[in-house]
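Right, one structure below, let's go through it.
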Amino acid sequence: MRTLVKNGSVISATGITEHDVLCVDNKIVAMYETGTDALGEISADTVIDAAGKYVVPGGIDVHTHMELPFGGTFASDTFETGTIAAAHGGTTTIIDFAVQTYGENVRECLDRWFAKAEGQCAIDYAFHMILGGIDDAALKEMDTLVDEGITSFKLFMAYPGVFYSDDGQILRAMQKASENGAMICMHAENGIAIDVLAEQAVARGQTDPKYHGIVRHPAFEGEATNRAIQLALVAGAPVYFVHLSASEALEAVARARNEGRNVFAETCPQYLYLNLEDHLGAPGFEGAKYVASPPLRTKHHHHHADLWQGLRTNDLAVVSTDHCPFCMKDQKELGLEDFRAIPNGIPGVEHRMELIYQGVVMGELTLPRWVETCSTTPARMFGLYGQKGVIAPGADADIVVFDPKAKHTISHKTAHMNTDYSAYEGIEIDGGVDTVISKGKVIIADGDYHGTKGDGAYLRRGLSQYLV
Ligand code: URP
Ligand code: ZN
Ligand code: ZN
C-alpha cells in the first residue's frame, strides 16, 4: 500500500519545507522536494493533494484518562470512543494512565488496563502507571515495568486517601527512578491543605462548583511544585509536572530549569482558554463542567499570558489534554450538593491540536513550536521519538494534513467525545484537520472516520530522550 502526500508544507520542530511524503504500508519511506516529480513517476495507490495545507506529524497526547474510575463513576470515554475522537482532532497516539490505588497489586491493575484497551483503539497507545502510594512492592514493580516499556510513573501530592503519596514515598520513588531511568510525573497540589479548606468551605455552606477552584489555591500548586523539585534534587531524579496551571508553579519550574535541572512540565488547553470566574464560576451548577484538578485559574493573575510565554521559552515543553470526561447527567451531578463529590476532569482530547494552533494564529507560537509541543517533544519526553513525533523516512506514517483556511466553531453537537457537553462550546477555530493518516492508512477524511476498531497497537516505550 503506497500513499503519497503531495505539494504540502511539511512542518517539523525545526522548520518548514516543501516536500512530497511517500509512505509504504505503515512507514514513511521517502521525501522528495516538491516539484521534483514533475512527470508524476512516483506511483502510489492513494495520492493526497496537500497544496496550500500543512503536513504535520500526528499529534501525541501524553495525558489521557479513558474509563478512569473516579468518585464512584468512570470517565465516559472508552478506549474506542476516546481514540476515535482523538483521531478526528489529529492525534494519532495517546499515552493513557493505568491506575493503581494504595494496597492494590500493581501488576493486576496494569493487566486490567491492557484488557480495557486491547483491540479497542483507533490509534496507537501506550501507558504510564499511576502509583497510588509507594511501598516495597511498588518499588519492585517500577523496575519490571521499565523493562517492559512503561517508563513513567505518576505520583500524586493531592487526593489524600485515594492516590496520595507522602514526601517519604515520593522520595523513595524518585530514588528508584534515578536508578532505573524512569520519569516521575507529578500531580503537584498540596492535597492535605486543600482538604482542610474544602471542609471549612462546605461547613460554611459554600458548596457550589466555584469553591472547588477557590480552595485549591494556586499557592498550593506552587508550594507542591517547589517541594517536588527539592525532593527530586536530593534523589537525583528528573521530574515532569503534569497539567501545570498556576504561574506560581511555572516560576518554580523556570527557576529549576535555569539551574540546569532535569525539570519539565506540560500544560493543557483548559488552562490557556478557560478561567475560574467565567467558567468554573458560571451560575448555578454550570461550573461543574469545568471542575478539574488543578482548577482553572483566575483571569486576573495573568496565568494565560504566563502559560503561553512558558510554551515559548520551553519551561512548558508539552501540551497534553488531561482528557478526563464525565457527563453532566448522572456524573457531574453527583456533586450537586457538594463540590467535593463532582468527578474531576474535562473532556478535550479532540480539540488539542486545533486549540494550540490558535496560538499560531494569535502570534503566541510559531508553526514549528506548535508541532514541537504537540508531537515532537511528547515523543522525545516519553521514549517514542523516531517512530513517532517526526515526518522522516523510517518513522511511522502518522501524518495530519491541516488546512489553515478552514474555519469552524467548536460544539458538543459536532464533536465525537462521549460527553453531553463541550468545555470549549462556541470557540471559533481558524484552521482545521483535513486528513489523518495513521500508520499509512487514511482514518479521517472529509470529517468522517474510516478506520477499524483495533487498528491502534500498544507501544512499548523507551526511556525519556531528554535525560543526560
Ligand atoms: O481533574 C483531573 N485532572 N482529573 C484526572 C486526574 C488527574 O489528576 O489527572
Ligand atoms: Zn493529576
Ligand atoms: Zn490527569
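Annotation note: Cβ proximity below 7 Å between a residue of region 226-253 that is of a type in the set (Phe, Trp, Tyr) and a residue that is more than 16 Å from ligand 1 (Cβ to nearest atom) (sequence gap 6+ or interchain) occurs for TYR240/PHE264; TYR240/MET381; PHE241/VAL253.
When the criteria are applied in full, ALA288 meets the requirement of being away from ligand 2 (no atom under 16 Å from the Cβ), under 15 Å from TYR211 (Cβ atoms) and in contact (Cβ under 8 Å) with a residue 24 or more places away in the chain.
To keep it simple, each residue is scored yes or no on (1) within 16 Å of ligand 2 (Cβ to nearest atom); (2) outside any helix (DSSP H, G or I).
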| site | (1), (2) |
| --- | --- |
| GLN230 | no, no |
| VAL234 | no, no |
| ALA249 | yes, no |
| ALA256 | no, no |
| ALA265 | yes, yes |
| LEU272 | no, no |
| ASP278 | no, no |
| GLN309 | no, no |
| PRO325 | yes, yes |
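Among residues of region 86-137 being within 16 Å of ligand 3 (Cβ to nearest atom) and among the polar types (S, T, N, Q), the one that is surrounded by the fewest Cβ atoms within 10 Å (Cβ to Cβ) is THR101. When you look at ASP49, is it within 26 Å of LEU355 (Cα to Cα), surrounded by fewer than 17 Cβ atoms within 10 Å (Cβ to Cβ) and touching a residue at least 40 places away in the same chain (Cβ under 8 Å), yes or no? So ASP49 passes the test. Being of a type in the set (A, V, I, L, M) and buried (at least 24 other Cβ atoms within 10 Å of the Cβ) is a property that does not hold for ILE410.
Throughout, read-outs are computed from the coordinates displayed, never taken from laboratory work. Quick caveat, the model's predicted, so the values are computed rather than measured. Please note: Cβ atoms are built from the backbone with ideal geometry, for glycine as well, and neighbour counts cover all protein chains shown.
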